[in-house]
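The values are calculated or read from the model by the stated rules, or taken from the named source; none is laboratory data. Just so we're clear, the structure is a prediction, and the values are computed from it rather than from any experiment. Using ideal geometry, Cβ is built from the backbone for each residue, glycine included, and neighbour counts are taken over all protein chains shown. SASA here: full protein model, heavy atoms, side chains in, ligands and nucleic acids out. Shrake-Rupley method; radii C 1.70, N 1.55, O 1.52, S 1.80 Å.
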Amino acid sequence: MKRSQNVIRPTMDKAAKVIPFAFVGGISGCFFEPETEGFVFQSAQDCARSFPDQIEECRIAYQDALEDTAQSAPRYNNEYECEVDFSDGCDRYNNWYIPAMAGFFFANMLDDDYFKKKKKRYYSKPLYGYRGKYYSGDGNFYSSSSNKSVKVSTSSITKPKSSGTIGQVMSRGGFGKSVSRASSSRSGG
């Protein structure tokens with residue numbers, strides 16, 4: 001007797017119908033990166049007004065963003081170059097000038113493994129005011145106004161802090177060159 005006579009054909013037919021959908025779903029997962037929703041705030045008080053039940057988390061998130069500023073901010077050789085790009089002012093850090101933090105990104109209660117390892121219920125990132133908009137130190141655009149909900153790619157907040165302009169001295173072209181480079185890489189060009 002042939003072995004193929006023992007095969008249950010209706011089961012095989014169902015599997016053949018599911019495989020194309022699984023393949024398309026797998027491919028679409030490669031192109032659609034998950035996003036995390038957060039908010040852009042100028043201060044811990046702005047955050048606390050929006051999240052009155054998380055006043056302490058807002059305060060700590062703001063402090064964490066301030067502490068991260070020295071590592072994540074673009075660095076300039078002199079104050080003039082820094083102030084050309086950042087009208088909110090610049091601070092001296094060691095031998096460099098860095099833009100003053102104009103605001104911070106706050107995402108709360110995320111369930112990602114990154115946050116479980118950090119044992120935090122929130123994520124914060126310093127943002128800098130460039131031409132009236134909020135950008136991270138690596139040149140990624142976050143928002144054009146504060147107290148606003150923002151969605152960002154999850155990988156941009158879970159990747160190590162050593163990418164983009166972080167820790168680099170800005171050369172000719174300044175921060176604007178980094179912003180245009182970051183926006184062209186997001187648009188596929």
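Scanning segment 39-83 for residues that are outside any helix (DSSP H, G or I), open to solvent by 30 Å² or more (accessible area, probe 1.4 Å) and under 13 Å from ALA102 (Cα atoms) yields a count of 1. Considering segment 83-99, the residues that are touching a residue at least 24 places away in the same chain (Cβ under 8 Å) and not β-branched (Val, Ile, Thr) include one that is nearest to ASP68 (Cα to Cα), namely PRO99.
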